[in-house]
Structure formats: C-alpha cells, structure tokens
1. Among the residues of the range 41-57, how many are surrounded by fewer than 18 Cβ atoms within 10 Å (Cβ to Cβ) and not β-branched (Val, Ile, Thr)?
2. I need the full set of residues from the range 162-189 which are assigned to a helix (DSSP H, G or I) and surrounded by fewer than 15 Cβ atoms within 10 Å (Cβ to Cβ), in order please.
3. Name the residues in the range 158-183 that are at pLDDT 90 or above and out of contact with any helix residue (DSSP H, G or I) (no Cβ under 9 Å at 6 or more places or on another chain), would you?
4. Just a yes or no: is a residue in the range 220-240 touching a helix residue (DSSP H, G or I) at 6+ places or on another chain (Cβ under 8 Å), buried (at least 20 other Cβ atoms within 10 Å of the Cβ), among the hydroxyl-bearing types (Ser, Thr, Tyr) and free of Cβ contacts under 8 Å to residues at least 40 places away in the same chain?
5. Taking the range 109-138, which residues are modelled with pLDDT of 95 or more and of a type in the set (Ser, Thr, Tyr)?
6. Residue check: is residue 60 modelled with pLDDT of 90 or more, assigned to a helix (DSSP H, G or I) and farther than 30 Å from residue 39 by Cα?
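The values are calculated or read from the model by the stated rules, or taken from the named source; none is laboratory data. As the structure is a computational prediction, the values presented were derived from the model and not from experiment. Cβ coordinates were reconstructed from backbone atoms using ideal geometry, including for glycine residues, and neighbour counts include every protein chain displayed.
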Amino acid sequence: MPANEEGLPGTATNPYQTPSASLIPPPLSADRERQGPYGPFINTAGLSRVVVGLVLICAILEVIIAIVSGFELSLLKSGGADAYLEGETHSWLLLAIGGSAILWLILYLVTVVAFSKWIIRSSKNAWLFAHQSGQRTMTITPGWAVGYFFIPIINLWKPYTAMREIRDATDASLLRSILPFWWTAWILSSVIGQISFRLGNKADTVESYITSSVFDLATLPVSIVLTVLAIQLVRDMTRGQLERAGIETEKSTDRLRSH
C-alpha cells in the first residue's frame, strides 16, 4: 500500500479519488492533527469569512444592477426607447449597465473559486470526521463535491447530495432546515439567470428589451434569499466543523458563559 507525504499508508492524496476501503478507522478524537483520508483537519474560518464577504459584495452589485435596470425599464416604456437603444440619449445608462455587469461577472468568478475551495476543504474535514467515527457515510470525494456543479443535468442533485453528506458527517444540526432551502434558491436563481441571459442576448426590439429587463428585476428577490441562505450555510457549517474538531468558537464560548 503506497504511503503519502506524511508517511501514512493508504491516505488518498487525490481529491477526486475515493479512499481505500481497507482503511481501519480510528476512534473519534478531538486531536485535529490526526490524519484522515485526505489529510489533517483544515481550519476554514478565514476562508469562510472571505466567501461571506464576496457573497455580500456580489449581492450589493446585484441590487445596483437591479436599480439601473429599473431606470432602463422605465425609459424603454417611454417614448424615447428607440433613441436610447441607438445610443443617442442616456449613454451614461448604457455605460452603467455594461460596467456593473462586467464588475459583477469578475467578482462572481472570484466568489466561485473561493466557494469551491471552501467546499473542498469542508469535504476533506467531513471525510476525516467520518473516518474517525468509523462511519462509511461519505461517498462523494472533495473534488467531485465541486466538480458536479459543472456537469449538466447531474448538477441538479449531486452537489446537494455532496453538501448533505458534509453536513451529516459534521453533525451540523442547524443546517438540516437551511440546506434544502439554500439548494432550492440556488436552482431557482440558476434557472431565472439562464432565462434572463438568453433573453438579453436575443433582444433586438423594444419589447424584447423590456422582457429582458423584467427578468433581470425578477432575479433580485431570489438572489437576496440565496445570499442570506448561503451566508448562513457557510457560517454554520464552518462553526460546526470547528466545534467538532474541538476548536472553541465565539458562539460556543457565549453558550458556556451563559451557563
């Protein structure tokens, strides 16, 4: 059986590779340095704060885009729609829409990278917890916990299954109600976003631009709900893993003081 860099036999180093079933799990321990199938415990507190910050910034930009889209919608419904679409009037509005959309796209891509790293690290920790407790509940590797998001059709349920396995291995009881709502909001946001994107690309008349703007505005309520749930998901999952690993958090400290 090959050894990894730490000299531990059979430890998986590839996040897409399922650990060997021949591993005998040790008893549950609060020792954070104990090796799991994908290495030792990883403190994701710092990364979770980065993810939350990026999600908030993206949400603020979406609100700004919605406000600008509202101005555009009112203009399109007025008599000067043709002149606006030709760029003869309100050129600042076109620049504002284009600039904010480009900025949001850049921040969104950065957020995707940060959120993906957080999922991978959280999954590695979940494999460690399951390994220590002798459970065989983890079936999706850290790499595929993110990879499934990018595979059509499968991305409708597999990422949720991966997050549910991480939640169960972490024993994050607070997420039992949040996780299904987060996934539902994620699906709705993705569907509405795709429709809005396709309508915007095909728009060539005043009526089609109006329809596209309406869908842009329709994404805002779903995005706000998704933002709130995503932040709660990241915070609760991170807190649950820190507490499971024996790392004191502000919430657990406050709870002890109250007693």
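1. Total meeting the criteria: 6.
2. Answer for the range 162-189, where residues must be assigned to a helix (DSSP H, G or I) and surrounded by fewer than 15 Cβ atoms within 10 Å (Cβ to Cβ): 176, 177, 180.
3. none
4. no
5. Hits for the range 109-138 are 111, 116, 122, 123.
6. Yes, satisfied.
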